[in-house]
1. In whole Hz and in residue order, list the ³J(HN,Hα) couplings for region 21-28 that follow from phi through the Karplus curve 6.51 cos²θ - 1.76 cosθ + 1.60, θ = phi - 60°; x for Gly and Pro.
2. Using a Förster distance of 22 Å, how high is the FRET efficiency between Lys56 and Asp108, based on the Cβ-Cβ distance and rounded to 0.05?
3. Over all directions, what mean area does the Cα convex hull of region 59-109 project, stated in square nanometres?
4. Go ahead and collect, in residue order, the members of region 55-83 whose backbone nitrogen is under 13 Å from a label point 7 Å along the Cα-Cβ direction of Lys40.
Amino acid sequence: MAEGEDQGNSIAADFVKLVSNDEHEFILKRSHALTSGTIKAMLSYPTNFKNKEMSKVQFREIPSHVLCKVCMYFAYKNRYTNSTSEIPEFPIEPEIALELLMAANFLDC
């Protein structure tokens, strides 16, 4: 295996691809995705994913507009955990509040 290939595999292992029920793909840092207890459990199961490839998690019940907001929350949570500065409110549009609550419950985040 070439050195460049090794580096590409290492970078891919640092990211996760989340796929919504309408086939939109969201690529985010693995450390952000691990905010979710459900995703953490899925990624820790040894037979589902190879360590050298980007992990892919399909969500058959979560639409893209909700999964997008979930990904934004993961980044927000990662940014402000253990922060000493004032933490801004995380914006949630009323139109997606119920769907987002159901997704958060499922994802354990």
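We did not get these values from a lab; they are worked out from the coordinates using the rules stated. Just so it is clear, the model here is predicted, and its values are computed rather than measured. Counting neighbours? That spans all protein chains shown, and the Cβs are built from the backbone with ideal geometry, glycine included.
1. 5, 9, 6, 6, 10, 10, 9, 9
2. Numbers: r = 19 Å, r/R0 = 0.88.
So, using R0 = 22 Å, E works out to roughly 0.70.
3. Values: hull surface 15.1 nm².
With every direction weighted equally, the projected area is 3.8 nm².
4. 78
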